[in-house]
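Step one of this worksheet: look at the structure below.
The values are calculated or read from the model by the stated rules, or taken from the named source; none is laboratory data. Just so it is clear, the model here is predicted, and its values are computed rather than measured. Every residue, glycine among them, receives a Cβ derived from its backbone with ideal geometry; neighbour counts consider all protein chains shown. The accessibility values were calculated without ligands, DNA or RNA, using every heavy atom of the protein model including side chains. Shrake-Rupley method; radii C 1.70, N 1.55, O 1.52, S 1.80 Å.
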Amino acid sequence: MTTPINLNVTNGPVSVGSICILGVSSSSSLLIGDTESLTLYSYFDTPPESVIVGNLAPLPLLEEEESEEQSPT
Amino acid sequence: MSIQCRNTTLLRLFVNTVSSSGIVQLGDVSETSQRSKALAIQRAIANYEEDEFHFASYELYYLPKKTLQPCVPVNFQSCAPLPNINIGFVRAVGVSASSILRVGCGGPLRAESRIKHIRQFNNRVIS
């Protein structure tokens, strides 16, 4: 039977001016205070390069616009 | 496991959006459990043959959760002779997909998020 480890933590005071964060997402956490235990899971699956971030999806150019670009008159 | 909770003081908090099982918790909490699945299929040519709009069709959504095996027993104690946490201003644009922004002390926190996406365009290359 392994002997238990005694872990004694002494916390000091904390003072922070300001925290600016763009996003807290996909099972993440911003904790200001003490926490007993955390169990966070995040799966994603689709390869990152196929993700479009933004309000408008970049739709492909139509044929006539492409031909105009290649041979400007 | 015994933790001594400290006093948290926050002067100003600005959060723009809280969505998809996100939590903004002000104060102490005993336990939190969140789950968010998502899917988001966007195809140039629709595909109605496969059953692709149900979570059960994708292995991602029923993968077993891995857990840490307890290796050594730990007696954990924490004490705080000067128990004050002072934060001036917190600004977060978004809290989403089973995440938590908590100001205060808290017990076990469990969160799970399984997004998928599938963005598929036809043969054109998007530059």
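With solvent modelled as a 1.4 Å probe, how much accessible area in total do chains B and A shield from it at their shared surface, in Å² to the nearest 100?
So the buried area, both faces added, is about 5000 Å².
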Per the rule of 0.36 nm per residue minus the C-alpha distance, extending B:R43 to B:L13 adds in nm 6.9 nm
If you average the sequence gap of Cα pairs under 8 Å that are 6 or more apart and divide by the length of chain B, what percent do you get for the contact order? 56
Nearest 0.05, what FRET efficiency do B:Q4 and B:I118 give at R0 = 41 Å with Cβ-Cβ as r? 0.30
Inter-label distance for A:N6 and B:F89, nm, one decimal - labels placed 7 Å from Cα along Cα-to-Cβ: 4.6
Assigned charges on the beta-carbon of Lys, Arg, Asp, Glu; chain B dipole about Cα centre (debye): 400
Any idea of the accessible area per residue across the stretch B:8-93, 1.4 Å probe, to the nearest Å²? 70
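Share of Cα-Cα pairs in chain B beyond 22 Å, in percent? Don't skip to the end; give the middle numbers.
Details: 4764 of 8001 pairs.
Across chain B, Cα pairs with separations above 22 Å total 60 percent.
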State, to one decimal in nm, how far the label point of B:Q77 lies from the label point of A:L22, with both points 7 Å from Cα in the Cβ direction. 4.5
Which distance in nm do the two modelled labels at A:D45 and B:Y61 give, with both placed 7 Å along the Cα-to-Cβ direction? 0.7
Can you run phi through the Karplus equation (6.51, -1.76, 1.60; θ = phi - 60°) for the stretch B:9-22 and list ³J(HN,Hα) in whole Hz, with x for Gly and Pro? 10, 10, 7, 9, 10, 10, 10, 7, 9, 10, 9, 6, 6, x
Shielding of B:7-18 by other chains, given as the mean Cβ count within 10 Å, works out to 2
Ranked highest first by average number of other Cβ atoms within 10 Å, how do A:23-34, B:14-25, B:36-47 line up? A:23-34, B:14-25, B:36-47
Quick check for me: using +1 on Lys/Arg Cβ and -1 on Asp/Glu Cβ, what's the dipole size of the stretch B:14-78 about its Cα centre, in debye to the nearest 20? 240
